[in-house]
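The values are calculated or read from the model by the stated rules, or taken from the named source; none is laboratory data. The structure presented is a predicted model; accordingly, all values stated were derived computationally and were not measured. Note that each Cβ is placed from the backbone with ideal geometry, even for glycine, and that neighbours are counted across all protein chains shown.
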Amino acid sequence: MPAIEMEHREVVVIGAGPSGAIAAALLKRNGHDVLIVERQHFPRFSIGESLLSHCLDFVEEAGMLDAVNAAGFQLKNGAAFAWGEHYSAFDFGQTFSNGKPTTFQVQRADFDKLLADQAALQGVEIRYGEEIVSVDFDLPQPQLRARREDGSEYLIEARFVLDASGYGRVLPRLLDLEAPSNFPVRQAVFTHIEDRIEHSSFEREKILITTHPQQRDIWFWTIPFSNGRCSLGVVAAAEHFAGRTEDLDACLKGFVAETPSLQAVLENAVWDTPARTIGGYSANVKTLHGPGFALLGNAAEFLDPVFSSGVTIAMRSASMAAGLLHRQLQGESVDWQTQFAEPLKHGVDTFRCYVEGWYAGTFQDVIFHPGSSPEIRAMISAILAGYAWDERNPFVSEPRRRLRMLSEICASTPT
């Protein structure tokens, strides 16, 4: 039996999504040999379509901002929230962190392919249609077994591996790193529609988050694209789907029908795409790194889609890991726990606080309260824009205490 072929690479990145493309490009720009192994072929569908402003900081760092700006994506300048007669909008041009004032709402098939193509233009090799089927990190250097679409396999020896496989969670599965999430099991049902929105209160430059009028832990996303279409989804705990039809299109339409403000916005919509569903998506891991590897983005942890934080966390982790790995490959001594895992976790935990507050209703009380000062709204807007690592912001440095205090004030004053 012939020996299996082996190749040697400096860095292997698993997955060509946003975190993989950003990390690979940053490493390549610093002179490293980088190979991306991607199981799927691009373009391919993905949700997570409303980018936060902080995302563009990493797109710019990776030399891809001009291409993204020129792609014709829908400009996004903030986030709007609706609940019954209540409406509250936040402008990313008015944030405590003074970050980028606008970002984009994107169909991820196009956006992810654009980033991957930009990484390839910078010299990153990407192999589509190949998957990593086993790994060995007990050897002097990590060794990966890759399988091509024709079934043939080969080995890759690398100095370091970055897992950017997203929901595929390749290394967490192969290395038994999965850990239970502390979030309840929730399900999303979603589709793309020709929206034909003419409603006077609707702003195409903002994502619209709509809360169910009776069940405040049920919410909808409405994400407009530049081509007259939008992404529409409902998110609810598993028990809220009990007794509903298994027809996903009818299920989603049923939730919308229970929410008059959203139904009015979508009254002219053409429902022309079969709905899809994803459930039990919240995930966690035992560790973000180990000898010879680090986990990026959703491969490490995914919280919840409510504030569109997933791509931001993914890109932030890519930037941090690429910078630290560059130093390590240069011969410097680095500490992945204190220089990567812990600082990344600070921002993730900030998002976690507000996600938990959203479902508990306390953060919704703050968002919909009409009496918040411009200063406080600017601090909240900074978090909604993705700047969850800016420790100068009191709502980042002390998220739980600040949110508790503010929600108590909102609850004690009339709306």
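Looking only at the stretch 56-79, residues that are acidic (Asp, Glu) and under 21 Å from SER381 (Cα atoms) come to 1 in all. Here ARG392, ARG402 are screened, and the one residue that is outside the structural domain of LEU175 (by TED's automatic domain parsing) and either among the aromatic types (Phe, Trp, Tyr) or at pLDDT below 95 (or both) is ARG402.
Of the residues ASP176, ASP163, the single one that is touching a strand residue (DSSP E or B) at 6+ places or on another chain (Cβ under 6 Å) and either farther than 28 Å from ALA283 by Cβ or not polar (S, T, N, Q) (or both) is ASP163. Quick one: is GLY292 free of Cβ contacts under 8 Å to residues at least 40 places away in the same chain, over 22 Å from the mean Cα position of the chain (by Cα) and on the phi > 0 side of the Ramachandran plot? So GLY292 fails the test.
Every condition in (1) out of contact with any Leu (no Cβ under 6 Å at 6 or more places or on another chain); (2) touching a residue at least 24 places away in the same chain (Cβ under 8 Å); (3) closer than 22 Å to LYS206 by Cα; (4) not assigned by TED's automatic domain parsing to the domain that holds SER53 holds for GLY386 except the one numbered (1). Counted as qualifying within the stretch 127-223 are the strands (runs of 3 or more DSSP E) with 1 or more residues that are assigned by TED's automatic domain parsing to the domain that holds GLY17, out of contact with any Phe, Trp or Tyr (no Cβ under 7 Å at 6 or more places or on another chain) and without any contact (Cβ under 8 Å) to a residue 24 or more places away in the chain, namely 131-136, 143-147.
On the basis of being surrounded by 17 or more Cβ atoms within 10 Å (Cβ to Cβ), outside the structural domain of LEU252 (by TED's automatic domain parsing) and either at pLDDT 90 or above or among the charged types (D, E, K, R) (or both), does ALA322 make the cut? For ALA322, the condition - surrounded by 17 or more Cβ atoms within 10 Å (Cβ to Cβ), outside the structural domain of LEU252 (by TED's automatic domain parsing) and either at pLDDT 90 or above or among the charged types (D, E, K, R) (or both) - is met. For the stretch 155-177, the condition holds for at least one residue, the condition being that it is farther than 24 Å from GLY297 by Cα and either more than 25 Å from the chain's Cα centre (by Cα) or modelled with pLDDT of 95 or more (or both). Filtering the stretch 315-349 to residues that are among the charged types (D, E, K, R) and touching a helix residue (DSSP H, G or I) at 6+ places or on another chain (Cβ under 7 Å) leaves only ARG316.
At least 3 residues being more than 30 Å from ALA322 (Cβ to Cβ) is the threshold, and among the helices (runs of 4 or more DSSP H) wholly inside the stretch 338-415 those reaching it are 342-360, 362-368, 374-384, 399-412. Among the residues making up the stretch 174-203, those that are loosely packed, with under 15 Cβ neighbours inside 10 Å and of a type in the set (Ser, Thr, Tyr) are SER200, SER201. Screening LYS113 with (1) within 24 Å of LEU266 (Cβ to Cβ); (2) within 18 Å of the chain's Cα centre (by Cα) gives one miss only, at (1).
The single condition from (1) farther than 18 Å from THR413 by Cα; (2) within 21 Å of the chain's Cα centre (by Cα) that PRO394 fails is (2). Annotation note: of LEU56, LEU27, the sole residue that is over 18 Å from the mean Cα position of the chain (by Cα), buried (at least 21 other Cβ atoms within 10 Å of the Cβ) and not in a strand (DSSP E or B) is LEU27. Among the residues making up the stretch 278-291, a single one is of a type outside the set (A, V, I, L, M), in contact with a helix residue (DSSP H, G or I) (Cβ under 8 Å, 6 or more places away or on another chain), within 26 Å of GLU239 (Cα to Cα) and surrounded by 16 or more Cβ atoms within 10 Å (Cβ to Cβ): TYR281. Scoring SER231 on the criteria (1) assigned by TED's automatic domain parsing to the domain that holds GLU203; (2) touching a residue at least 12 places away in the same chain (Cβ under 8 Å); (3) surrounded by fewer than 17 Cβ atoms within 10 Å (Cβ to Cβ) leaves a single failure, condition (3).
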